[in-house]
Structures are given as structure tokens and as C-alpha cells.
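The values are calculated or read from the model by the stated rules, or taken from the named source; none is laboratory data. Computed from a predicted structure; not experimentally measured.
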Amino acid sequence: MNISSEEVAGILRNWRDENRRLRFHTFHVPEEAIDYLCSGLGWIEELTPFMVRIGNRNDKGIIRGDLYSCIVSLSRATGFVMWDWRNVPASEQAMKNSLHEGFDMSLTVEFASGARCELHAIKFGHELDIPK
């Protein structure tokens with residue numbers, strides 16, 4: 001479902017205040033949507049009305065080569081889409097179950113170029129063996 005920038009700010013503030021671990025993926029353009037440019041797991045380290053920085057300095061993912069952080073420009077976004085397991089069609093039951101088990105919510109930030117960044121709030125992140 002499409003949401004406003006004010007709703008996005010509220011969601012991101014909640015995720016930051018909850019110290020929620022986020023999985024992020026950035027994609028270049030729709031034609032290449034299968035391949036993402038970068039991916040990582042981290043926490044919201046900085047949030048302003050213009051951008052959000054998700055850092056994973058303390059994440060074991062660095063060993064795998066994940067980035068230290070992902071900075072998403074909220075001011076340049078052309079749209080925001082929020083979804084969770086309730087938005088998945090009944091015909092996609094396996095996907096619906098997987099989302100319900102793994103994530104509380106996902107947020108897609110869209111840009112005019114076709115690029116997008118997906119942020120997934122991990123439901124079970126506090127139980128992972130990742131040092132903070």
C-alpha cells in the first residue's frame with residue numbers, strides 16, 4: 001500500500017526507537033530488479049527528515065563483504081510502499097507464510113530513475129547471534 005512521507009517518518013522513528021534490525025537491499029532499475037546493488041543488515045544510526053542511514057559496523061555481515069552502511073535519501077524519493085504478510089495474495093501462500101514468520105513489515109523507497117531501496121524489519125532480529 002502506498003503511504004505518505006509522514007507515515008514513513010513515523011515508521012522509521014519506531015524502528016529506530018525499538019532498535020530494530022533491518023535488512024536492506026538497493027536495486028538499480030526495474031529491468032535489473034533481480035540483481036541488487038548492495039545488501040546488508042543493520043540498525044538505524046541516523047534519521048533526519050531528508051535521509052536515513054542504516055549502519056552495520058557491528059554486524060558479522062562485514063565478514064561477508066556487506067557494506068558498513070546504507071544511506072537512503074528520503075527527500076529524493078518519489079514514492080513509498082509499505083507491505084507485510086497481510087498484503088500478499090492468498091494464491092502466494094508460501095510467500096505469505098515466509099513473510100509472516102520472518103518480518104514485521106517491509107518498506108520500499110522508490111526513486112524517479114527506477115531505483116529502489118527495500119527495508120525489511122526483522123521480526124526475530126533480537127534473537128540472532130549478532131553483537132551490538
- [ ] Hey, could you check the stretch 82-111 for residues that are closer than 20 Å to Trp43 by Cα and among the hydrophobic types (A, V, I, L, M, F, W, C) and say which is farthest from the chain's Cα centre (by Cα)?
- [x] Leu99
Open item on the list: For the stretch 102-132, which positions are modelled with pLDDT under 85 and of a type in the set (Phe, Trp, Tyr)?
Closed with: Phe103, Phe124
